[in-house]
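The values are calculated or read from the model by the stated rules, or taken from the named source; none is laboratory data. The model shown is predicted, which means the values in this text are computed figures rather than measured ones. Positions of Cβ are backbone-derived with ideal geometry, glycine not excepted, and every protein chain shown enters the neighbour counts. For the accessible areas, the whole protein counts, side chains as well, though only heavy atoms, and no ligand, DNA or RNA atoms are used. Shrake-Rupley method; radii C 1.70, N 1.55, O 1.52, S 1.80 Å.
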Amino acid sequence: MLPTPTCSSTPPAWTDLSKPLSSDFTPPTNKEIGATAHAEPGNPSVYLCGNSLGLLSKRSDQLIREELDAWRTRAVVGHFDHPKQRPWVKFTDEVHPLMAEISEAEVACMGTLTNNLHLMMDSFYKPTAERYKILCEAKAFPSDQYAFASQAKAHNLNPADAIIEDILSVLEREGSSIALVIFSGVQYYTGQWFPMESITKKGKEKGCIVGWDLAHAFANVPIQLHAWDVDFAVWCTYKYGNSGPGGIAGLFVHEKWHEVELPKYAGWWGHTLTTRFKMPPTFSPISGAQGFQQSNPCILALASVLGSLQSFTAVGMDKVRQRSLSLTAALDEKLRSSKYFVPPAEAAKGLNGNAKPAFTIITPEDPQARGAQLSLLFLPVGTGVMQKVFAYLMERGVVGDEREPDVIRLAPAPLYNTLLDVNAAVKYLEEAFGSLA
Ligand SMILES: *Cc1c(COP(=O)(O)O)cnc(C)c1O
């Protein structure tokens, strides 16, 4: 091995994994999250749950307060005349540039995820006698499964026949009967980042519409919806996007659809702004994604997502991803070198059958096939090891996310987590196993 060259210049702060990448976030203390028995109450908790609900940023906190102030002092006038020059009629203009990759006309910040999924399926899922199937990933998120099944039923189709689960080989074999390919970009349970570009390409080759649910991909992994020729996408912003519980969602409609008159459930906020308040009887939609807007959006929710997106832009998405790769690699490495770790292949063969408590990782080892999250499967399955480890972690202020019966998801969020969080999580995980013996 070559000796490490001595380097006189200090590395840029963002490569220092022991400090947070953004100073906009303060994790809750142990006391605040209720970890008092075995943790120092005033210390920050080890929050590794940004995949489920991101933290409040100082920017969001301030922007929400400003909007409350604007509401108190201007009331209805705030729609057009705003103390901070963010008139509510076009508040989304502040958010769209931060959400869009290339063209703002391709995105709309609106509604909620499942709602937007229904809107997009209503516009894009047009089953015919020959081509009527929906292709999705096995074990899609329950809300998505319900949405797919109810959409099939709305077209008088039997969900059991109309919905197939799997990927490229199925596309190859059954492509001509598939109307819609709809996957999640990053799988919520396993943390797998699907090869979005190749799935989209294959789907388009077979003449299918291709849509993506980016719930766990938004603000987590780099995506190029426009360049990949994705037809539509939907996402929520309260996971890695830190917009707060039930925060406002987003959708994408590719530019190539903008001149096509897609069927839509129209509302006044999708109407062209110049004539919206003249209240004409006929609907004249904004061209592109924003034509799908229905209602005037919740400004407090918009202020919240705006603050968080500003934190991402302040750092730069490239750095966010670099940082995410480093933190998750560090977590992965430490977990894999634990004496309680069983490699996935061995776990699958059941070598750990009736043996001692252990864990494996069901997230792909390839950094290009995952985002921030690692999903740990506890063994032997169904014996309550996961529940005991999870409780042990919680009592020490390590907040992960449990998925019954046997999985804990841990996601270092690149903006606010550090190597210290990763180290603490692994340390307490090992202690938890020690306490089981
Ligand atoms: C989080 C998540 C949802 C949640 O849907 P809401 O409409 O925001 O409640 C739906 N689908 C997937 C894939 C998710 O990860």
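Between residue 403 and residue 75, what length comes free when the chain is fully extended (0.36 nm per residue of separation minus the Cα-Cα distance, one decimal in nm)? Let's see the in-between values first.
Working: separation 328, 0.36 × 328 = 118.08 nm, distance 4.38 nm.
Residue separation times 0.36 nm, minus the Cα-Cα distance, leaves 113.7 nm.
May I ask for the distance between the Cα centers of the stretch 178-232 and the stretch 69-103, given as a whole number of Å?
What the calculation gives is 31 Å, centre to centre.
Suppose each label sits 7 Å from its Cα in the direction of the beta carbon; what would the residue 391-residue 338 distance come out to in nanometres?
Reported label-point gap for residue 391 and residue 338 is 1.8 nm.
If you count the DSSP beta bridges with both ends in the stretch 92-296, what percent of them are antiparallel, to the nearest 5? Walk me through the numbers before you get to the answer.
On the way: 9 of 23 bridges.
Counting only bridges with both partners in the stretch 92-296, antiparallel ones make up about 40 percent.
Round to the nearest 10 and report in Å² the accessible area of residue 282, as given by a 1.4 Å probe over the protein chains' heavy atoms.
Taking all protein chains as shown, residue 282 has close to 100 Å².
When the chain is modelled as a GNM with alpha-carbon springs shorter than 10 Å, which of 81, 122, 213 fluctuates the most?
Its mean-square fluctuation being the largest, the pick is 81.
How compact is the stretch 169-227 by the rule of thumb for globular proteins, expressed as Cα Rg over 2.2 N^0.38 Å?
Values: Rg = 11.7 Å, N = 59, 2.2 N^0.38 = 10.4 Å.
That ratio works out to 1.13.
Not counting the cut sites, what is the longest span of the chain without trypsin sites (Lys or Arg not before Pro) that DSSP labels loop and that have at most 11 other Cβ atoms within 10 Å? Before the final figure, lay out the partial values.
Details: sites that count: 278, 339, 349.
Of all site-free stretches, the longest is 1-277.
So what's the gap between the Cα centers of the stretch 239-307 and the stretch 395-437, to the nearest angstrom?
That distance is 39 Å.
Largest first and to the nearest Å, give the Cα extent of the stretch 123-176 along each principal axis.
The principal-axis extents, from largest down, are 27, 27, 21 Å.
Of the DSSP beta bridges with both residues in the chain, give the percent that are antiparallel, rounding to the nearest 5. The partial results should precede the final answer.
Working: 23 of 41 bridges.
Close to 55 percent.
How large is the convex hull of the Cα atoms of the chain per residue, expressed in Å³ as a whole number? Present the calculation step by step, with values, prior to reporting the outcome.
Numbers: hull volume 80.0 nm³, N = 437.
Cα-based convex hull of the chain, divided per residue, equals 183 Å³.
More than 29 Å apart: what percent of Cα pairs in the stretch 92-296 qualify? Before the final figure, lay out each step's value.
Numbers: 4317 of 20910 pairs.
Summing the P(r) tail past 29 Å for the stretch 92-296 gives 21 percent.
Please build a GNM for the chain, connecting alpha carbons under 10 Å apart, and tell me which residue among 46, 186, 89 fluctuates the most.
89
Mind listing which GluC sites (Glu not before Pro) in the stretch 315-367 are in a DSSP loop and have 15 or fewer other Cβ atoms within 10 Å?
On the way: sites: 333, 346, 365; in loops: 365.
Hits after loop and neighbour filter: 365.
Can you tell me which of 68, 21, 306 moves the most in a GNM of the chain? Springs connect C-alpha atoms under 10 Å apart.
68
Once the whole set of protein chains is in place, how much accessible area is left on residue 317, using a 1.4 Å probe, in Å² to the nearest 10?
Residue 317 exposes around 90 Å² with every protein chain in place.
Can you check how the C-alpha radius of gyration of the stretch 282-437 compares to 2.2 N^0.38 Å, as a plain ratio? Walk me through the intermediate numbers first.
Working: Rg = 20.1 Å, N = 156, 2.2 N^0.38 = 15.0 Å.
Scaled against compact globular proteins, the figure is 1.34.
Among 114, 426, 209, flag the residue with its Cα farthest along the positive direction of the charge dipole of the chain, charges on Cβ as +1 for Lys/Arg and -1 for Asp/Glu.
Working it through, the farthest residue towards the positive pole turns out to be 426.
Tell me, in nm to one decimal, what length is gained between residue 98 and residue 317 on full extension, where the rule is 0.36 nm per residue of separation less the Cα-Cα distance?
Values: separation 219, 0.36 × 219 = 78.84 nm, distance 1.07 nm.
Taking 0.36 nm per residue and subtracting the Cα distance, the gain is 77.8 nm.
Charges at C-beta only: +1 for Lys and Arg, -1 for Asp and Glu. How large is the resulting dipole of the chain about its Cα centre, in Debye rounded to 20? Don't jump to the answer; show the numbers that get you there.
Working: 39 positive and 45 negative charges, 88 e Å.
It works out to roughly 420 debye.
Which of the residue pairs 19/427; 339/388; 31/139; 58/278 have a Cα-Cα distance greater than 27 Å in the structure shown? Could you put the intermediate results ahead of the total?
On the way: 19/427 19 Å; 339/388 18 Å; 31/139 36 Å; 58/278 38 Å.
The answer is 31/139; 58/278.
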